[in-house]
Amino acid sequence: MHPHKWPGFSMSPVHLRPEGRGLVSLANRDPFAPPRIEFKFMETAHDVDAMIRGVRLARKLAEQPALKLYIAEEVVPGPAVRSDEQLIEDIRNRGVSNLHPVGTCRMGHGSRRGRGSPVCGYMVFEGCALPMPPSCLWLSAATPMLLRS
């Protein structure tokens, strides 16, 4: 392991309740061709505003006396990036998804949404039965809650 040339930490705002919904579809008739994936990040004003507010909140936290002692400078996106337009451009260029896809594929036979389906001897509970993407680190922790419903 090689230590970094200088110490640091990061703050990464995450939008857990986006309005934008992506799409996975067939790219063509070839079943072995990679699918067409449309993430649809930052397509609504709500989603854009949430991320701008997240960046501004992270900066406000970094300015507090408890952290300010440990910060020499903001490296990315950098102190010159201040306006909403600049922040939006940075978020669109560097942002990534932290979402756990749900609602993309029914498994098993028939319409047993949320009740589980026998597949190869296992009972499969579909994440698509969840009404919206869960705000949790692991989708695998949220899906078993279907067992209790």
Sequence-distant residues sharing a close amide H with Gly20 (under 5 Å, placed H): Glu43, Thr44
Whole-Hz couplings from phi, Karplus 6.51/-1.76/1.60, listed for the range 36-53; x for Gly and Pro: 8, 10, 10, 6, 6, 5, 6, 8, 10, 4, 4, 5, 4, 4, 4, 6, 4, 4
Chain lengthening between Ser97 and Trp6 when straightened (0.36 nm per residue, less Cα-Cα): 30.0 nm
Anchor Lys5: lysines whose Cα lies under 28 Å away (excluding residues fewer than 8 positions away in-chain): Lys60, Lys68
Pairwise label distance in nanometres, Val75 with Phe39, each label 7 Å out on the Cα-Cβ vector: 2.1 nm
Where labels lie 7 Å past Cα in the beta-carbon direction, separation of Arg82 and Leu57 in nm: 2.4 nm
Length released on extending from Phe32 to Ala66, taking residue separation times 0.36 nm less the Cα-Cα span: 6.9 nm
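FYI, it's all coordinate maths here, none of it is from the lab. Remember, it's a predicted structure, so these values are computed and weren't measured experimentally. When we count neighbours, we look across all protein chains shown, and the Cβ atoms used for this are built from the backbone with ideal geometry, even at glycine.
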